[in-house]
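Undergrad: Encoded as structure tokens, here's the structure I'll be asking about.
Rule-based calculations on the coordinates, nothing more; no lab input. All of these numbers come straight from a predicted model, not from anything done at the bench. Positions of Cβ are backbone-derived with ideal geometry, glycine not excepted, and every protein chain shown enters the neighbour counts.
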Ligand SMILES: NC(=O)c1ccc[n+]([C@@H]2O[C@H](COP(=O)([O-])OP(=O)(O)OC[C@H]3O[C@@H](n4cnc5c(N)ncnc54)[C@H](O)[C@@H]3O)[C@@H](O)[C@H]2O)c1
């Protein structure tokens, strides 16, 4: 995608800022709408040409201003994470459901061609079949999973009702640069930062639970390909298509660092036992092919985390 006018909601966040980087490299004209609830202005400092609107997706006026002349919307702004949604279910619903509706209404009024929304594997709940296909039952076990499912359904309903295409990307566990330690429970940043600070790593349960980790560059690739696709609306899994146990992940992270202590703790409510995506539909419909292998991605992430501790970010 080149030379397009696009809106990135949540562009100051972890995934959003990586997407903005790629969109700028591809010479698009980028507006970011973000209230900096969990995003950082420093993530956007390298990009002098973008238009930043500090505002809330629940605020009709701010959303309408951000939407002016836009052809494609990447909607990433959200109250993110299982734990946060259990602690603040009303805020989670207001931002993820009502905020998404504000975006959809403004997009339809502006004649936006395509909206790409950021959904989550959290919509599935406990795994029933493996690997998880898009038609796997959706029985979320957290308010976050419920509101992300609602966001998807609203977007796809707009695609049925109006002349707007909607692609909902169901991310599994995303990791990569700009993912801070305080990223509400994401395991890779927590393990890496704790290792670098010589703190013990806490594994909840026996460590044999599995996750499908996907690098943020692959998530960015999926967003761009979804935006470029023509005549495509739907919900697609975005993952690596490979699963690792948390014990294996710890080995990959701590390789060459035998002094790191591991502590096993009781399981946490809301965590699923297994996760592995079937990504063939995204490949077929939008041409998504993950490219970053976990070992390489972790090595690069450790370097980023080391630098960010040095810079005190
Ligand atoms: N990181 C993951 O593993 C993962 C997995 C599945 C889905 N997702 C989804 O991807 C998207 C991006 O997640 P992320 O990991 O980059 O999180 P993030 O918290 O880094 O980014 C979210 C951004 O949205 C902004 N924001 C929050 N509420 C807002 C509001 N009311 N108005 C305007 N801006 C608001 C935040 O300030 C932040 O910049 C989210 O929709 C999330 O649900 C992420």
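Undergrad: So what are the range 161-217's ellipsoid semi-axes, whole angstrom, largest first, if each one is the square root of 5 times an eigenvalue of the alpha-carbon gyration tensor? Mind dumping the intermediate values first?
TA: Numbers: eigenvalues 192, 43, 16 Å².
Those come to 31, 15, 9 Å.
Undergrad: Stick to Cα atoms and the Kirkwood definition of Rh, then tell me Rg/Rh for the range 181-313.
TA: Details: Rg = 16.6 Å, Rh = 16.3 Å.
Radius of gyration relative to Kirkwood radius: 1.01.
Undergrad: Quick one: 215, 274, 136, fewest Cβ neighbours within 10 Å first, how do they rank? Walk me through the numbers before you get to the answer.
TA: Numbers: 215 24, 274 16, 136 19.
Arranged by neighbour count, lowest to highest, 215, 274, 136 become 274, 136, 215.
Undergrad: Sort the range 16-83 into rounded, prolate or oblate with this rule: let a ≥ b ≥ c be the square roots of the eigenvalues of the Cα gyration tensor; rounded if a/c is under 1.5, and if a/c is not under 1.5, prolate when a/b is larger than b/c, oblate otherwise. Mind dumping the intermediate values first?
TA: On the way: a/c = 1.67, a/b = 1.16, b/c = 1.44.
Oblate shape, in that a/c is at least 1.5 and b/c is the bigger or equal ratio.
Undergrad: With springs connecting C-alpha atoms under 10 Å apart, model the chain as a Gaussian network and identify which of 177, 46, 189 has the largest mean-square fluctuation.
TA: Top of the fluctuation ranking is 46.
Undergrad: Take the alpha-carbon centre of the range 113-183, take the same for the range 1-57, and report the distance between them in whole Å.
TA: Using only Cα atoms, the two centres lie 21 Å from each other.
Undergrad: Can you give me the P(r) profile for the range 126-180? Cα pairs, bins 10 angstrom wide beginning at 0, each as a whole percent.
TA: P(r) over the range 126-180, rounded to whole percents: 19, 41, 32, 7.
Undergrad: Another one. Let me know the Kirkwood hydrodynamic radius for the range 1-147, please, with Cα pairs as the basis and the value in Å to one decimal. Intermediate values should be presented prior to the final figure.
TA: Details: mean 1/r = 0.0630 Å⁻¹.
Answer for the range 1-147: a Kirkwood hydrodynamic radius of 15.9 Å.
Undergrad: In terms of the Cα gyration tensor, with a ≥ b ≥ c the square roots of its eigenvalues, is the range 245-284 rounded because a/c is under 1.5, prolate because a/b exceeds b/c, or oblate?
TA: Oblate, because a/c is 1.5 or more while a/b does not exceed b/c.
Undergrad: Summing -39500 (n - 2.57) over the DSSP H runs of n ≥ 4 in the chain and dividing by its residue number, what mean residue ellipticity at 222 nm do you reach, to the nearest 500 deg cm²/dmol?
TA: Numbers: 11 runs with 117 residues, N = 313.
The per-residue figure over the chain is -11000 deg cm²/dmol.
Undergrad: On to the next question. What angle do you read, to the nearest 10 degrees and between 0 and 90, between the alpha-carbon axis of helix 14-25 and the longest principal axis of the chain?
TA: Between the helix axis and the principal axis of the chain, the angle is about 60 degrees.
Undergrad: When each pair of different Cα atoms in the range 92-163 is counted once in the 1/r mean, what is the Kirkwood radius in angstroms, to one decimal? List each step's numbers first, then the result.
TA: Working: mean 1/r = 0.0767 Å⁻¹.
Over the range 92-163, the inverse of the mean reciprocal pair distance is 13.0 Å.
Undergrad: Taking a quarter of the surface of the Cα convex hull of the chain, what do you get in nm²?
TA: Working: hull surface 59.0 nm².
Taking the Cα atoms of the chain, their convex hull projects to 14.7 nm² on average.
Undergrad: Using a Förster distance of 41 Å, how high is the FRET efficiency between residue 261 and residue 139, based on the Cβ-Cβ distance and rounded to 0.05? Don't skip to the end; give the middle numbers.
TA: On the way: r = 37 Å, r/R0 = 0.89.
For R0 = 41 Å, the calculated efficiency reads 0.65.
Undergrad: For the range 168-313, calculate the relative contact order in percent as a whole number, restricting contacts to Cα pairs under 8 Å that are 6 or more residues apart. Spell out each step's value before the answer.
TA: Working: 208 pairs, mean separation 51.6, N = 146.
Result for the range 168-313 is 35 percent.
Undergrad: Beta carbons within 10 angstrom, averaged per residue: use that to sort the peptides 196-202, 282-288, highest first.
TA: Working: 196-202: 13.7, 282-288: 18.7.
The most tightly packed comes first, giving 282-288, 196-202.
Undergrad: If you don't mind, another one. Rounded to two decimal places and with Rh computed the Kirkwood way over Cα pairs, what is Rg over Rh for the range 148-248?
TA: 1.08
Undergrad: Once you put a point 7 Å from the Cα of residue 252 and another 7 Å from the Cα of residue 36, both along the Cβ direction, what distance in nm separates them?
TA: 3.4 nm
Undergrad: Could you grab the Rg to Rh ratio for the range 246-312? Cα atoms only, Kirkwood for Rh. Present the calculation step by step, with values, prior to reporting the outcome.
TA: Working: Rg = 16.5 Å, Rh = 15.5 Å.
Rounded to two decimals, Rg/Rh equals 1.07.
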